[in-house]
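For reference, the structure is listed below as structure tokens.
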Amino acid sequence: MSQHVEARGLFKSFVDGERKVEVLRGVDLSVAPGERVAIVGPSGSGKSTLLHLLGGLDVPDRGRVEVDGVDLATLGGRRLAEFRNQKVGFVFQFHQLLPDFDALENVMLPGRIAGRALSWIETRARSLLDGVGLGARLDHFPSELSGGERQRVALCRALLLEPPLLLADEPTGNLDPATGDQVFDQLRDMAEHHGTTLVLVTHNPAIARRCGRVLTLDAGLLGEVARPSETPAP
Ligand SMILES: Nc1ncnc2c1ncn2[C@@H]1O[C@H](COP(=O)(O)OP(=O)(O)OP(=O)(O)O)[C@@H](O)[C@H]1O
Ligand SMILES: [Mg+2]
């Protein structure tokens, strides 16, 4: 059910007026099915860019992304859309909820796109929202929710279809420490229960440590951070 993610030699740059920003300069990454990996790194180092490439939301200038053995570059429009709807849950850094839909409708959306039975979708969406403490805010629109509440709605939306791969960009970034811990626990429980592969970007070292592996993105390259047990004693 969970998915293997393999990225090889990823290069990505953006042209900003006359300036070319080289963001990724040959990133390699291998994530085993069911593994939990945290990506940390300075602001602007390309963490969101990398996550977008892994989820097929953007394409690399060079290099290859494979999910479960499928090279994303070989997927055309409809198959890529299906891949994103059914295989990947994506929590965006800046949540991207639909403003004209209330919380419940936002969470139900991937289920409607996938053509699931409405009763199943609604029951599951209600239960997810309940689980993050938003059971009483189902009919609130994003503009009526705080940043952290919106982030929790976005997380529920990403989890609706129990995706085998979850890509989460700062899912606890706007939350107070206690709520952040609670949301991370929920995310981790879900990942454990379903064997979900999780790649998570975070600035929070405590949350990074609670993932199986921590990688640092810096100067366009991804490096492994030594696990505490591997750090030589001073
Ligand atoms: N669509 C775009 N057009 C132009 N430049 C971009 C675009 N997307 C990202 N960049 C640039 O690429 C660099 C990396 O951006 P990215 O959002 O991936 O960083 P990040 O590591 O996620 O940062 P943060 O921790 O602040 O979220 C930045 O310099 C950013 O300005
Ligand atoms: Mg980012």
(request) Could you tell me whether residue 9 is on the phi > 0 side of the Ramachandran plot, at pLDDT below 95 and either in contact with a strand residue (DSSP E or B) (Cβ under 6 Å, 6 or more places away or on another chain) or surrounded by 19 or more Cβ atoms within 10 Å (Cβ to Cβ) (or both)? (result) no
(request) Could you please let me know if residue 179 is of a type in the set (Val, Ile, Thr) and either in contact (Cβ under 8 Å) with a residue 12 or more places away in the chain or not in a helix (DSSP H, G or I) (or both)? (result) yes
(request) Enumerate the helices (runs of 4 or more DSSP H) found wholly within the range 91-171, keeping only those where 3 or more residues are farther than 13 Å from residue 183 by Cβ and more than 16 Å from ligand 1 (Cβ to nearest atom). (result) 103-113, 118-131
(message) Just to verify a result, which residue in the range 39-57, among those that are within 23 Å of residue 85 (Cα to Cα), touching a residue at least 60 places away in the same chain (Cβ under 8 Å) and not aliphatic (A, V, I, L, M), is farthest from ligand 2 (Cβ to nearest atom)?
(response) 55
(request) Return only the number of the condition from (1) surrounded by fewer than 17 Cβ atoms within 10 Å (Cβ to Cβ); (2) more than 24 Å from residue 35 (Cβ to Cβ); (3) more than 16 Å from ligand 2 (Cβ to nearest atom) that residue 134 does not satisfy. (result) (1)
(message) So, in the range 194-214, exactly how many residues are within 18 Å of residue 159 (Cα to Cα), open to solvent by 10 Å² or more (accessible area, probe 1.4 Å) and within 13 Å of ligand 2 (Cβ to nearest atom)?
(response) 0
(message) For the range 12-33, which positions are among the charged types (D, E, K, R) and surrounded by fewer than 19 Cβ atoms within 10 Å (Cβ to Cβ)?
(response) 16, 18, 19, 20, 22, 25, 28
(request) Return only the number of the condition from (1) within 29 Å of residue 134 (Cβ to Cβ); (2) open to solvent by 80 Å² or more (accessible area, probe 1.4 Å); (3) touching a residue at least 60 places away in the same chain (Cβ under 8 Å) that residue 36 does not satisfy. (result) (2)
(request) Return only the number of the condition from (1) under 30 Å from residue 46 (Cα atoms); (2) open to solvent by 10 Å² or more (accessible area, probe 1.4 Å); (3) among the β-branched types (Val, Ile, Thr) that residue 123 does not satisfy. (result) (1)
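The values are calculated or read from the model by the stated rules, or taken from the named source; none is laboratory data. Just so we're clear, the structure is a prediction, and the values are computed from it rather than from any experiment. Here the Cβ is made from the backbone with ideal geometry for all residues, glycine too, and neighbour counts use every protein chain on show. What goes into the accessible areas is simple: the full protein's heavy atoms, side chains included, and nothing from ligands, DNA or RNA. Shrake-Rupley method; radii C 1.70, N 1.55, O 1.52, S 1.80 Å.
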